[in-house]
1. Could you tell me whether segment 74-91 includes any residue that is part of a loop (DSSP other than H, G, I, E, B), of a type outside the set (A, V, I, L, M, F, W, C) and crowded, with 17+ Cβ neighbours inside 10 Å?
2. Residue under question is ALA167, and the condition is that it be open to solvent by 40 Å² or more (accessible area, probe 1.4 Å) and over 21 Å from GLN22 (Cβ atoms); does it hold?
3. Does LYS94 count as of a type in the set (Lys, Arg) and either closer than 29 Å to ALA153 by Cβ or outside any loop (DSSP other than H, G, I, E, B) (or both)?
4. Inside segment 130-166, can you point out the residues that are over 21 Å from GLN28 (Cβ atoms) and either among the hydrophobic types (A, V, I, L, M, F, W, C) or in a loop (DSSP other than H, G, I, E, B) (or both)?
5. Which one is farthest from GLU74 (Cα to Cα) among residues in segment 41-55 that are among the hydroxyl-bearing types (Ser, Thr, Tyr) and within 14 Å of the chain's Cα centre (by Cα)?
6. Looking at GLY126, GLY111, which is the one that is under 17 Å from PRO34 (Cβ atoms) and either assigned to a loop (DSSP other than H, G, I, E, B) or in contact with a strand residue (DSSP E or B) (Cβ under 9 Å, 6 or more places away or on another chain) (or both)?
Amino acid sequence: MANKLENVRGFDLELMKSAREQLHQAVQLVSAVPRSYLPHDPSDESASLGWHEEREALESKQVEGFVFSLSLKEMSVTILNNDQVFEALELKGKSVNEGLHWLKDHVNKFGLADEQLHLKLPYEIGIDNFDTSLKFYPEIQQEFSNLYAGAKAILDQVVKENTEASAIRCWPHHFDLA
């Protein structure tokens with residue numbers, strides 16, 4: 001009988017799965033802003049995210065001078081303007097829908113119609129309840145941050161060596177760097 005894999009690098013796989021699912025839900029918040037306000041793109045590329053090494057965060061494309069960021073390490077959403085923190089929300093114990101209401105309050109402050117901001121996804125992520133409170137797994141979330149940083153470093157080398165390679169982005173439907 002084969003051994004069942006129960007942990008990776010000392011982390012319980014069920015907890016890793018739960019932490020990843022919650023991060024996958026949370027990343028929909030920062031993808032929602034460009035999807036809601038930038039011109040429609042059938043490929044959904046406008047909702048893709050870049051990895052910011054120093055902030056250990058996935059960041060949206062710029063919308064009206066603002067960038068929206070999800071810190072994997074801190075499980076928080078940050079609004080940045082000119083690379084400076086404008087506002088931040090810790091998601092621990094909050095639902096994605098609570099995060100959406102917080103974002104609506106803030107996008108309204110800089111002239112965007114809050115009723116335009118939505119979480120209507122053009123794909124399924126296997127999670128249909130954005131009302132569940134998010135949990136915080138600091139060590140596991142740090143590990144995910146490390147994994148994204150490592151994947152970005154490898155892909156940076158691929159891009160450097162292949163002039164036809166596209167930009168490195170995180171696609172919110174699969175929650176992967178490509």
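1. For segment 74-91, residues part of a loop (DSSP other than H, G, I, E, B), of a type outside the set (A, V, I, L, M, F, W, C) and crowded, with 17+ Cβ neighbours inside 10 Å: present.
2. yes
3. So LYS94 fails the test.
4. ALA149, ALA153, ILE154, LEU155, VAL158, VAL159, ASN162, THR163, GLU164, ALA165, SER166
5. Residues of segment 41-55 among the hydroxyl-bearing types (Ser, Thr, Tyr): 43, 46, 48.
Filter once more, so that each one left must be within 14 Å of the chain's Cα centre (by Cα): 46, 48.
Details: SER46: 24, SER48: 20 Å.
Here the residue is SER46.
6. Values: GLY126 fails: under 17 Å from PRO34 (Cβ atoms).
Residue meeting the stated conditions: GLY111.
For (1) open to solvent by less than 60 Å² (accessible area, probe 1.4 Å); (2) more than 24 Å from PHE130 (Cβ to Cβ); (3) in contact with a helix residue (DSSP H, G or I) (Cβ under 9 Å, 6 or more places away or on another chain), each residue gets a yes or a no:
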{"site": "ARG9", "(1), (2), (3)": "no, yes, yes"}
{"site": "SER31", "(1), (2), (3)": "yes, no, yes"}
{"site": "TYR37", "(1), (2), (3)": "yes, no, yes"}
{"site": "HIS40", "(1), (2), (3)": "no, no, yes"}
{"site": "LEU49", "(1), (2), (3)": "yes, no, yes"}
{"site": "LEU58", "(1), (2), (3)": "yes, no, yes"}
{"site": "SER69", "(1), (2), (3)": "yes, no, yes"}
{"site": "LYS94", "(1), (2), (3)": "no, no, yes"}
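The values are calculated or read from the model by the stated rules, or taken from the named source; none is laboratory data. Small disclaimer: the values here were computed from a predicted structure and weren't measured. All Cβ positions, glycine included, derive from the backbone under ideal geometry; neighbour counts span all protein chains shown. For accessibility, only protein heavy atoms count, side chains too; no ligands or nucleic acids. Shrake-Rupley method; radii C 1.70, N 1.55, O 1.52, S 1.80 Å.
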